[in-house]
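*Asks:* Quick one: the structure is below, questions incoming.
The values are calculated or read from the model by the stated rules, or taken from the named source; none is laboratory data. Note that the coordinates shown come from a computational prediction; the quantities given were computed from them, not determined experimentally. Cβ coordinates were reconstructed from backbone atoms using ideal geometry, including for glycine residues, and neighbour counts include every protein chain displayed. Heads up: the accessible areas ignore ligands, DNA and RNA and are worked out on the full protein's heavy atoms, side chains in. Shrake-Rupley method; radii C 1.70, N 1.55, O 1.52, S 1.80 Å.
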Amino acid sequence: MPYKIDNAILKKDKTGRVTLIDPENVFKDEDAFVAIKSDDLITIQLLINSILHNDFKRWSELGVVPETEPVKSLFVRLGYSKADIASLLKEF
């Protein structure tokens, strides 16, 4: 069961004006937004999906993760291969 974070694109022009690009109209009634870089959003979605598919044994063995380590490195620390990540990407 994949989990998808609702998202849209915030585009800023040269003058600083921000435009919401929301083709599915998910945010039509929202007053405030949070901007997240695209690759970070994909990483968050992958982490959520990997948690949903995992028996949590890997997570409990992870130990302390240094604050300076990027979130993307969690996949390597958890033992995911490129094929595993590709499989998670196909789910959303």
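*Asks:* Pairs please, first residue from the range 12-36 and closer than 25 Å to residue 71 by Cβ, second anywhere and exposed (fewer than 10 other Cβ atoms within 10 Å of the Cβ), Cβ atoms under 8 Å, 6+ apart in sequence or on different chains.
*Replies:* 26/6; 27/6
Results for (1) within 16 Å of the chain's Cα centre (by Cα); (2) among the polar types (S, T, N, Q), shown as yes or no for each residue.
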| residue | (1), (2) |
| --- | --- |
| 9 | yes, no |
| 14 | no, no |
| 17 | no, no |
| 34 | yes, no |
| 49 | yes, yes |
| 64 | no, no |
| 71 | yes, no |
| 77 | no, no |
| 81 | no, yes |
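*Asks:* I'm trying to understand the selection: among the residues of the range 33-73, which are open to solvent by less than 60 Å² (accessible area, probe 1.4 Å) and either in a loop (DSSP other than H, G, I, E, B) or of a type in the set (Ser, Thr, Tyr) (or both)?
*Replies:* Residues satisfying the conditions are 43, 50, 54, 62, 63, 65, 69, 73.
*Asks:* Continuing with this model, one more query. Among the residues in the range 3-22, are any in contact with a Leu (Cβ under 7 Å, 6 or more places away or on another chain), surrounded by 10 or more Cβ atoms within 10 Å (Cβ to Cβ), of a type in the set (Gly, Ala, Ser) and assigned to a loop (DSSP other than H, G, I, E, B)?
*Replies:* Yes, the range 3-22 contains at least one residue that is in contact with a Leu (Cβ under 7 Å, 6 or more places away or on another chain), surrounded by 10 or more Cβ atoms within 10 Å (Cβ to Cβ), of a type in the set (Gly, Ala, Ser) and assigned to a loop (DSSP other than H, G, I, E, B).
*Asks:* For the range 80-91, name all the residues that are at pLDDT 75 or above and either open to solvent by less than 50 Å² (accessible area, probe 1.4 Å) or polar (S, T, N, Q) (or both). Reasoning before the result, please.
*Replies:* Pass one, the range 80-91, residues at pLDDT 75 or above: 80-87.
Listed by number, the residues that qualify are 80, 81, 85, 86, 87.
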